[in-house]
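Participant: I am attaching a structure below and will ask some questions about it afterwards.
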2 protein chains.
Amino acid sequence: MRYQLYYWPMIQGRGEYVRLALEDAGADYTDVARGKGGMSAMMTMMEARKGTPPFAPPFLKAGNLMIAQTANILLYLGARHGLAPKAEAGKMWVHQLQLTVADFVLEIHDTHHPLGPSLYYEDQKAPAKKRTEEFWKSRVQKYLGYFDEIVGANGGAWLTGRRVTYADLSLFQIVEGLRYAFPKRMQAFEKKIPRLTALRDRVAERPNIKAYLASERRIPFNEEGIFRRYKALDL
Amino acid sequence: MRYQLYYWPMIQGRGEYVRLALEDAGADYTDVARGKGGMSAMMTMMEARKGTPPFAPPFLKAGNLMIAQTANILLYLGARHGLAPKAEAGKMWVHQLQLTVADFVLEIHDTHHPLGPSLYYEDQKAPAKKRTEEFWKSRVQKYLGYFDEIVGANGGAWLTGRRVTYADLSLFQIVEGLRYAFPKRMQAFEKKIPRLTALRDRVAERPNIKAYLASERRIPFNEEGIFRRYKALDL
């Protein structure tokens with residue numbers, strides 16, 4: 001089946017967690033909004049208020065299914081492409097981990113947008129600095145320490161043990177993104193999460209991911225996405 | 001099966017979406033942390049770093065399964081208690097709606113905690129006022145208008161048509177919570193979401209929910225939860 005992924009064409013954003021899963025699986029997909037007429041196709045689908053309209057991108061068209069919400073899309077793809085355990089308990093566990101990644105992603109976004117997504121960063125620089133301090137003081141260790149310990153408790157390779165899951169691919173993106181957005185803070189912090197940084201390297205070396213990262217399909221990080229490099233927010 | 005629900009004992013919070021589903025289903029459950037020794041049992045489980053430890057409450061013990069993340073718990077309960085369609089497409093659609101509710105819940109929480117969950121409201125009153133203004137200016141209409149239109153497009157009773165789902169129960173909680181936290185703003189706003197307020201009434205009249213709301217099991221709203229009534233943030 002050929003999938004159609006709908007996501008903002010200029011950023012990695014939440015769509016990137018889906019792209020990484022599709023790429024690792026070697027799935028056949030079109031990144032619709034990056035092609036000609038794609039943006040207006042995406043907007044039309046979002047403005048529809050019948051059927052199962054998405055609230056926001058990303059969303060995935062898979063045959064007759066239209067699936068939105070990043071973690072929901074990954075739940076679907078994971079089952080079809082061997083990126084999650086088949087048994088119910090394992091499937092729910094990986095989904096649970098992904099939902100915790102999603103919570104963390106929102107907190108990362110809030111570091112530069114504490115007053116909400118409808119104002120520019122430039123209009124909230126002081127609260128952003130304050131929120132970023134709190135984020136690094138009490139949130140990063142809490143989230144990343146949790147994932148790091150789970151990797152350790154399961155043998156040190158992947159979150160669930162010997163097989164990679166979509167949640168591992170997402171953790172690659174988290175480490176990569178924090179390195180981009182907060183290079184100094186992250187460098188100082190990384191020694192606390194050795195198993196996560198090793199996991200990041202293992203993901204980067206997977207042949208399909210390696211090819212993807214080297215391709216033009218991988219949009220570079222920039223200051224419109226989740227992970228933004230603002231000097232004032234780093235050390 | 002008798003479920004064990006683990007959640008903070010003094011607030012509705014995210015646990016309430018699970019409680020509403022359990023109550024509507026007439027499921028047999030213990031609200032563990034509200035009983036003797038329950039808090040320490042909950043903390044012990046959270047601090048375990050083997051098996052499938054939850055990152056945060058709520059979590060549900062269901063036989064051998066330990067499930068965390070509100071939307072994940074509801075996905076599980078919905079399938080077992082007739083609170084979601086059985087077919088995959090419908091199941092994913094309701095889950096998608098619930099994940100959008102979850103996003104909105106986080107934005108509601110951020111109105112009083114824009115600088116992060118680790119600081120007190122009293123330490124962030126001015127940014128909270130600003131964030132609340134933005135929230136009512138651009139977010140409430142976007143989210144609630146979306147759900148209101150979906151109810152309308154499916155016949156006007158419930159989100160998916162003729163049968164109630166756990167996502168409908170969650171929308172009851174959203175309307176109820178916004179009425180508590182922002183009585184004046186919500187009163188002025190409600191005429192824009194007539195189908196959602198009618199849905200709220202239909203949920204409140206369901207016999208099991210009605211009995212629950214009248215019982216001591218329903219914790220009253222208070223200023224420790226998601227929905228907080230701060231005069232400075234209302235009109």
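Participant: If you scan the range A:28-39, which residues turn out to be of a type in the set (A, V, I, L, M, F, W, C) and surrounded by fewer than 20 Cβ atoms within 10 Å (Cβ to Cβ)?
Facilitator: Initially, the range A:28-39 is screened for residues of a type in the set (A, V, I, L, M, F, W, C), giving A:32-33, A:39.
The answer is A:39, and nothing else.
Participant: Out of all the residues in the range A:35-52, which are of a type in the set (Asp, Glu) and either under 23 Å from residue A:219 (Cα atoms) or outside any helix (DSSP H, G or I) (or both)? Reasoning before the result, please.
Facilitator: Taking the range A:35-52 and keeping what is of a type in the set (Asp, Glu), we get A:47.
The answer is none; no residue qualifies.
Participant: Turning to a different aspect of this structure: Give me the residue from the range A:114-138 that is in contact with an Asp or Glu (Cβ under 7 Å, 6 or more places away or on another chain) and surrounded by 20 or more Cβ atoms within 10 Å (Cβ to Cβ) and, out of that set, farthest from residue A:232 (Cα to Cα). Explain how you work it out, then say what you get.
Facilitator: First, pick out the residues of the range A:114-138 that are in contact with an Asp or Glu (Cβ under 7 Å, 6 or more places away or on another chain): A:115-116, A:118-119, A:131, A:135.
Okay, now just the ones that are also surrounded by 20 or more Cβ atoms within 10 Å (Cβ to Cβ), so A:115-116, A:131, A:135.
On the way: A:115: 17, A:116: 19, A:131: 12, A:135: 14 Å.
Restricting to residues being in contact with an Asp or Glu (Cβ under 7 Å, 6 or more places away or on another chain) and surrounded by 20 or more Cβ atoms within 10 Å (Cβ to Cβ), the top hit is A:116.
Participant: In addition: Out of all the residues in the range B:205-235, which are within 30 Å of residue B:131 (Cβ to Cβ) and of a type in the set (Gly, Ala, Ser)?
Facilitator: Once the filter is applied, which keeps residues that are within 30 Å of residue B:131 (Cβ to Cβ) and of a type in the set (Gly, Ala, Ser), the range B:205-235 yields B:225, B:232.
Participant: Applying the selection to the range A:8-34, what residues are in contact with a Ser or Thr (Cβ under 6 Å, 6 or more places away or on another chain) and assigned to a loop (DSSP other than H, G, I, E, B)?
Facilitator: Correct list: A:14 only.
Participant: Okay, moving on. Please name all residue pairs, on different chains or six or more residues apart, with Cβ atoms under 7 Å, provided the first residue is in the range B:130-142 and is more than 8 Å from chain A (Cβ to nearest Cβ) and the second residue is part of a helix (DSSP H, G or I) and not β-branched (Val, Ile, Thr).
Facilitator: B:132/B:233; B:136/B:185; B:140/B:189; B:141/B:192
Participant: Show the residue pairs meeting these rules: Cβ distance below 7 Å; 6+ apart or different chains; first residue within the range B:146-160 and without any contact (Cβ under 8 Å) to a residue 60 or more places away in the chain; second residue among the polar types (S, T, N, Q).
Facilitator: B:154/B:160; B:158/B:165
Participant: Quick check on residue A:99: is it without any contact (Cβ under 8 Å) to a residue 60 or more places away in the chain, under 16 Å from the mean Cα position of the chain (by Cα), more than 24 Å from residue A:178 (Cα to Cα) and facing another protein chain (nearest Cβ under 8 Å)? Step through it out loud before you land on a result.
Facilitator: Details: without any contact (Cβ under 8 Å) to a residue 60 or more places away in the chain: yes; under 16 Å from the mean Cα position of the chain (by Cα): yes; more than 24 Å from residue A:178 (Cα to Cα): no; facing another protein chain (nearest Cβ under 8 Å): yes.
The answer is no for residue A:99.
Participant: Can you name the number of the only condition in (1) assigned by TED's automatic domain parsing to the domain that holds residue B:185; (2) over 21 Å from residue B:168 (Cα atoms) that residue B:65 fails?
Facilitator: So residue B:65 meets the others, but not (1).
Participant: Could you grab me the full set of residues in the range A:201-235 that are part of a loop (DSSP other than H, G, I, E, B), touching a residue at least 60 places away in the same chain (Cβ under 8 Å) and under 21 Å from residue A:139 (Cα atoms)?
Facilitator: Listed by number, the residues that qualify are A:225, A:226, A:227, A:228, A:230.
Participant: Looking at the range B:177-200, can you tell me whether even one residue there is part of a helix (DSSP H, G or I), farther than 28 Å from residue B:234 by Cα and either assigned by TED's automatic domain parsing to the domain that holds residue B:94 or under 20 Å from the mean Cα position of the chain (by Cα) (or both)? Give the derivation first.
Facilitator: Kept after step one, since they are part of a helix (DSSP H, G or I), are these residues of the range B:177-200: B:177-181, B:183-192, B:194-200.
This time we only want the ones that are farther than 28 Å from residue B:234 by Cα, so: none.
Within the range B:177-200 (the criterion being part of a helix (DSSP H, G or I), farther than 28 Å from residue B:234 by Cα and either assigned by TED's automatic domain parsing to the domain that holds residue B:94 or under 20 Å from the mean Cα position of the chain (by Cα) (or both)), the answer is no, since none of the residues qualifies.
Participant: So, residue B:91, is that one farther than 27 Å from residue A:116 by Cβ and of a type outside the set (Gly, Ala, Ser) or not?
Facilitator: On the way: farther than 27 Å from residue A:116 by Cβ: yes; of a type outside the set (Gly, Ala, Ser): yes.
Yes; evaluated as a whole, the condition is true for this residue.
Participant: Which residue is farthest from the chain's Cα centre (by Cα), if the candidates are limited to the range B:20-73 and must be acidic (Asp, Glu) and more than 25 Å from residue A:103 (Cα to Cα)? First the steps, then the outcome.
Facilitator: So in the range B:20-73, the residues acidic (Asp, Glu) come out as B:23-24, B:28, B:31, B:47.
Now narrow it down to the ones that are more than 25 Å from residue A:103 (Cα to Cα): B:23-24, B:28.
Values: B:23: 13, B:24: 14, B:28: 20 Å.
Among residues in the range B:20-73 that are acidic (Asp, Glu) and more than 25 Å from residue A:103 (Cα to Cα), the one farthest from the chain's Cα centre (by Cα) is B:28.
Participant: Are there any pairs, at least 6 apart or on different chains, whose C-beta atoms fall under 8 Å, with the first in the range A:57-68 and in contact (Cβ under 8 Å) with a residue 12 or more places away in the chain and more than 10 Å from chain B (Cβ to nearest Cβ) and the second outside any strand (DSSP E or B) and of a type in the set (S, T, N, Q), and if so, which?
Facilitator: The qualifying pairs are A:58/A:70.
The values are calculated or read from the model by the stated rules, or taken from the named source; none is laboratory data. Remember, it's a predicted structure, so these values are computed and weren't measured experimentally. Glycine gets a Cβ as well: all are built from the backbone with ideal geometry, and neighbour counts include every protein chain shown.
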